[in-house]
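K.L.:
One structure is given below, represented as structure tokens, and several questions about it will come after.
The values are calculated or read from the model by the stated rules, or taken from the named source; none is laboratory data. Treat the numbers as computed from the prediction; the structure is a model and nothing was measured. As a convention, Cβ positions derive from the backbone with ideal geometry for all residues, glycine included, and neighbour counts pool all protein chains shown. The accessibility values were calculated without ligands, DNA or RNA, using every heavy atom of the protein model including side chains. Shrake-Rupley method; radii C 1.70, N 1.55, O 1.52, S 1.80 Å.
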Amino acid sequence: FLSLRQEFSVTSKSGVVVGKRVGFRMHDDGEVDVRGTYTVLCIAKLLSMLTEELTAGVPEYIAACQTYEGGFGAEAFNEAHGGYTYCAVAGLHILNR
């Protein structure tokens, strides 16, 4: 799973890195979105492989995908969609958030 991990730096207005967000790719060189992130979380949970190393920064990534209307898009700043909202909410539930 760690090979599919994609980290995004979060910077302040002054350009200082203040945190990170982590999502997962659907496949090598594929897109990073909440579907892939949910899939990794679900499989890791089922196989009892859900570790702090794997999940660090993931809730922040999922939260960044939430839109102004309350739903979730595939990525940050995307339009909300029912399928992506399911993946995001289910992923947060797996993480007990």
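K.L.:
If you place +1 on the Cβ of every Lys and Arg, -1 on the Cβ of every Asp and Glu, and leave all else neutral, what size is the dipole of the stretch 23-95 about its Cα centre, to the nearest 20 Debye?
P.N.:
Result for the stretch 23-95 is approximately 280 debye, rounded to the nearest 20.
K.L.:
Next question, about the same structure. Ignoring any ligand, DNA or RNA, what whole percent of the accessible area of the chain comes from carbon and sulfur when the probe is 1.4 angstrom?
P.N.:
55 percent
K.L.:
Mean residue ellipticity at 222 nm from the helices of the chain, using -39,500 (n - 2.57) per DSSP H segment of n ≥ 4 over the full residue count, to the nearest 500 deg cm²/dmol?
P.N.:
Taken over the chain, the calculation gives -11000 deg cm²/dmol.
K.L.:
Comparing T39, T51, T67, which has the greatest mean-square fluctuation in the GNM of the chain with Cα pairs linked when under 10 Å apart?
P.N.:
T51
K.L.:
Only Cα pairs under 8 Å and at least 6 apart count here; give the relative contact order of the chain as a rounded whole percent.
P.N.:
Computed over the chain, the figure is 23 percent.
K.L.:
Solvent-accessible area per residue for the chain at a 1.4 Å probe radius, Å²? Could the numbers behind the result be given before it?
P.N.:
On the way: 5930 Å² over 97 residues.
The answer is 61 Å² per residue.
K.L.:
Using each residue's phi in the stretch 81-97, evaluate 6.51 cos²θ - 1.76 cosθ + 1.60 at θ = phi - 60° and report the 3J(HN,Hα) Karplus result to the nearest Hz, with x for Gly and Pro.
P.N.:
After applying 6.51 cos²θ - 1.76 cosθ + 1.60, I find 8, x, x, 5, 5, 4, 4, 5, 5, 5, x, 5, 5, 4, 7, 6, 10 Hz.
K.L.:
Using only the Cα atoms, what convex hull volume per residue in Å³ does the chain have?
P.N.:
Looking at the chain, the number lands at 104 Å³ per residue.
K.L.:
Please compute the modelled spin-label separation between E53 and L95, points set 7 Å along Cα→Cβ, answer in nm with one decimal.
P.N.:
1.9 nm
K.L.:
Just E31, E79, E69 to compare: in a GNM of the chain, with alpha carbon springs under 10 Å, which one fluctuates most?
P.N.:
With Cα springs under 10 Å in the chain, the top fluctuation among E31, E79, E69 is at E69.
K.L.:
When the chain is treated as a GNM, springs tying every alpha-carbon pair under 10 Å, which of G23, G36, G82 comes out with the largest mean-square fluctuation?
P.N.:
Residue with maximal mean-square fluctuation among G23, G36, G82: G82.
K.L.:
In addition: May I ask which residue of L46, G30, C87 lies farthest towards the positive end of the charge dipole of the stretch 24-97, with charges of +1 (Lys, Arg) and -1 (Asp, Glu) on Cβ and the Cα centre as origin?
P.N.:
Going by the charge dipole, the pick is L46.
K.L.:
Please give the contour-minus-distance gain from D29 to Q6: 0.36 nm per residue of separation, less the Cα-Cα distance, rounded to one decimal in nm. Can you show the working numbers first?
P.N.:
On the way: separation 23, 0.36 × 23 = 8.28 nm, distance 1.06 nm.
Using 0.36 nm per residue and subtracting the Cα-Cα distance, I get 7.2 nm.
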